[in-house]
1. Residues being part of a helix (DSSP H, G or I) and either within 18 Å of residue 54 (Cβ to Cβ) or at pLDDT below 95 (or both): count how many of those fall in segment 137-160.
2. Here are some residues: 153, 163, 107, 115. Which one is buried (at least 19 other Cβ atoms within 10 Å of the Cβ), closer than 27 Å to residue 20 by Cβ and either touching a strand residue (DSSP E or B) at 6+ places or on another chain (Cβ under 6 Å) or among the polar types (S, T, N, Q) (or both)?
3. Taking the conditions exactly as written (crowded, with 22+ Cβ neighbours inside 10 Å and either in contact with a strand residue (DSSP E or B) (Cβ under 8 Å, 6 or more places away or on another chain) or at pLDDT below 90 (or both)), does residue 65 satisfy them or not?
4. Return the residues of segment 50-61 that are closer than 12 Å to residue 149 by Cα and surrounded by fewer than 17 Cβ atoms within 10 Å (Cβ to Cβ); say none if nothing qualifies.
5. Can you tell which of 59, 124 is modelled with pLDDT of 95 or more, over 15 Å from residue 26 (Cα atoms) and more than 12 Å from the chain's Cα centre (by Cα)?
6. Residue 130 versus (1) of a type in the set (Lys, Arg); (2) modelled with pLDDT under 90; (3) outside any helix (DSSP H, G or I): which is the lone unmet condition?
7. Which of the residues belonging to segment 21-74 are charged (D, E, K, R) and in a strand (DSSP E or B)?
8. Do you know which residues across segment 42-69 are touching a residue at least 60 places away in the same chain (Cβ under 8 Å), within 22 Å of residue 87 (Cα to Cα) and polar (S, T, N, Q)?
Amino acid sequence: MGSMDSAEKLNNTAGIGGIAVRLLVINGPNLNLLGRREPDVYGRQTYEDLVRLIKEQAAQKGLEVAICQSNHEGEIIDAIHQATGKYDGLVINPGAYTHYSYAIFDAIKAVGLPAVEVHLSNIAAREEFRRHSVTAAACLGQISGLGFHGYLAAMDYLAGRLASRGGAGAGKAAADE
């Protein structure tokens with residue numbers, strides 16, 4: 001799961017009105033080190049554990065999901081750009097880019113897909129520089145401090161929002177926003 005090219009996808013025929021909701025989960029820098037990196041902050045579960053949990057949730061909910069991780073800002077931006085027409089929504093943990101990447105903010109805004117920002121730790125209770133997100137303003141909301149469950153909550157929220165708008169089918173959500 002180390003790069004954008006190794007995105008994993010689950011295909012299901014369920015979803016909204018028989019059309020699967022397609023979500024792209026993007027993970028930023030250092031998330032590949034989960035389980036080893038500051039376990040007192042991020043826990044002992046690994047990135048592979050996170051991917052497995054997301055896939056299980058997607059299968060149970062009848063969602064299609066692709067998951068990618070990159071330590072490179074440009075690759076994250078490319079993944080966001082390439083989501084247009086392929087995915088109905090984004091779940092994004094920009095990692096440290098959260099605090100200064102106006103380029104990721106612009107990319108999320110540009111594609112027009114509904115997005116939820118997720119953070120494993122409670123960024124409001126951490127170092128001062130982590131308390132401000134420049135990317136959250138491009139998203140519908142931010143989930144912080146719930147660990148892996150934040151991803152599941154973001155997926156549920158996006159699937160529910162798309163269902164309430166009747167907006168499943170890649171790209172339809174962007175047109176409805």
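The values are calculated or read from the model by the stated rules, or taken from the named source; none is laboratory data. All values derive from a computational prediction rather than experimental measurement. Positions of Cβ are generated from backbone atoms using ideal geometry, with glycine treated the same way; all protein chains shown enter the neighbour counts.
1. Final tally of qualifying residues: 12.
2. Numbers: 153 fails: buried (at least 19 other Cβ atoms within 10 Å of the Cβ); 163 fails: buried (at least 19 other Cβ atoms within 10 Å of the Cβ); 107 fails: either touching a strand residue (DSSP E or B) at 6+ places or on another chain (Cβ under 6 Å) or among the polar types (S, T, N, Q) (or both).
Exactly one of 153, 163, 107, 115 is buried (at least 19 other Cβ atoms within 10 Å of the Cβ), closer than 27 Å to residue 20 by Cβ and either touching a strand residue (DSSP E or B) at 6+ places or on another chain (Cβ under 6 Å) or among the polar types (S, T, N, Q) (or both), namely 115.
3. Values: crowded, with 22+ Cβ neighbours inside 10 Å: yes; either in contact with a strand residue (DSSP E or B) (Cβ under 8 Å, 6 or more places away or on another chain) or at pLDDT below 90 (or both): yes.
Yes: the conditions hold for residue 65.
4. Selection gives 53 alone.
5. Numbers: 124 fails: modelled with pLDDT of 95 or more.
That would be 59, the only listed residue that is modelled with pLDDT of 95 or more, over 15 Å from residue 26 (Cα atoms) and more than 12 Å from the chain's Cα centre (by Cα).
6. For residue 130, the exception is condition (3).
7. Narrowing segment 21-74 to residues charged (D, E, K, R): 22, 36-38, 40, 44, 48-49, 52, 55-56, 61, 64, 73.
Result: 22, 64.
8. Going residue by residue through segment 42-69, those that are touching a residue at least 60 places away in the same chain (Cβ under 8 Å) are 42-43, 45, 49-50, 53-54, 57-58, 61, 63, 65, 67-69.
Still in the list and also within 22 Å of residue 87 (Cα to Cα): 50, 53-54, 57-58, 61, 63, 65, 67-69.
If the condition is that a residue be touching a residue at least 60 places away in the same chain (Cβ under 8 Å), within 22 Å of residue 87 (Cα to Cα) and polar (S, T, N, Q), then 57, 69 are the ones that fit.
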